[in-house]
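Worksheet: one structure, shown below.
The values are calculated or read from the model by the stated rules, or taken from the named source; none is laboratory data. Bear in mind that the values here come from a model prediction, so they are computed numbers and not experimental data. Cβ coordinates were reconstructed from backbone atoms using ideal geometry, including for glycine residues, and neighbour counts include every protein chain displayed.
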Amino acid sequence: MVRAFSTHWIKYIAPTCAFLIVINASASILVAAGMSASSSPLLSNTLLFLGMILTYLSLHWFFHKLLSEAMEDIVITTKRIIWIKEALFTVDEMRQIPLSNIQGVEARKRGILQTVLGYGTLWLDTGGTITADANAMIDQVPHPNRVAGEINKLLRLK
């Protein structure tokens, strides 16, 4: 094994923002339930139930999403590149590309965010793939130029 790493931490930003929006909405519903308790008990109980269900579902979704995102790994060996993606109960994928099939590697950083935070995309040219082929691309790779350099070094050694 030459190198093993997980994808960049930027993958946690979108689920965290979505969770914060939904949990604030459920907190607002719970506050509205408390404020309407004396004037309308039926409305208050309904809002309380909806707020609790929304809180429960959003917490479970968020932790499932975090645990699922943490299980995306890339392993580079002297013989192949392995990309493993798992999500709890829903996804179990593994792609292997032998180094003998790889013609070249291209590292891409697009935009200010990727440049500043140091992540990008690796495109593995297997001799018949186009640059938009999703099977030949690995997204959210930390320090893609360094990883591409390591792969190119291995390709020269074969």
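Brief remarks on what is shown
- Region 97-124 residues that are more than 13 Å from Met137 (Cα to Cα) and in contact (Cβ under 8 Å) with a residue 12 or more places away in the chain, paired with ones that are among the aliphatic types (A, V, I, L, M) and surrounded by 17 or more Cβ atoms within 10 Å (Cβ to Cβ) (beta carbon under 8 Å, 6 or more apart): Leu99/Ile81; Leu99/Ile151; Leu99/Leu154; Tyr119/Val141
- Qualifying residue in region 22-30 (condition: modelled with pLDDT of 95 or more, surrounded by 12 or more Cβ atoms within 10 Å (Cβ to Cβ), under 20 Å from the mean Cα position of the chain (by Cα) and outside the structural domain of Ile102 (by TED's automatic domain parsing)): yes
- Complete set of residues in region 126-151 that are touching a helix residue (DSSP H, G or I) at 6+ places or on another chain (Cβ under 7 Å) and modelled with pLDDT of 80 or more: Thr126, Gln140, Val141
- Among (1) part of a helix (DSSP H, G or I); (2) surrounded by fewer than 13 Cβ atoms within 10 Å (Cβ to Cβ), the one test that Leu155 misses: (2)
- Options Ile29, Ile21, Ile10: the member that is free of Cβ contacts under 8 Å to residues at least 12 places away in the same chain and among the β-branched types (Val, Ile, Thr): Ile21
- Any hit, region 30-51, residues being under 21 Å from Phe63 (Cβ atoms), of a type in the set (Gly, Ala, Ser) and part of a helix (DSSP H, G or I): yes
- Residues that are out of contact with any Phe, Trp or Tyr (no Cβ under 6 Å at 6 or more places or on another chain), in a strand (DSSP E or B) and aliphatic (A, V, I, L, M) within region 70-92 comprise Val75, Ile76, Ile81, Ile82, Ile84, Ala87, Val91, listed in sequence order.
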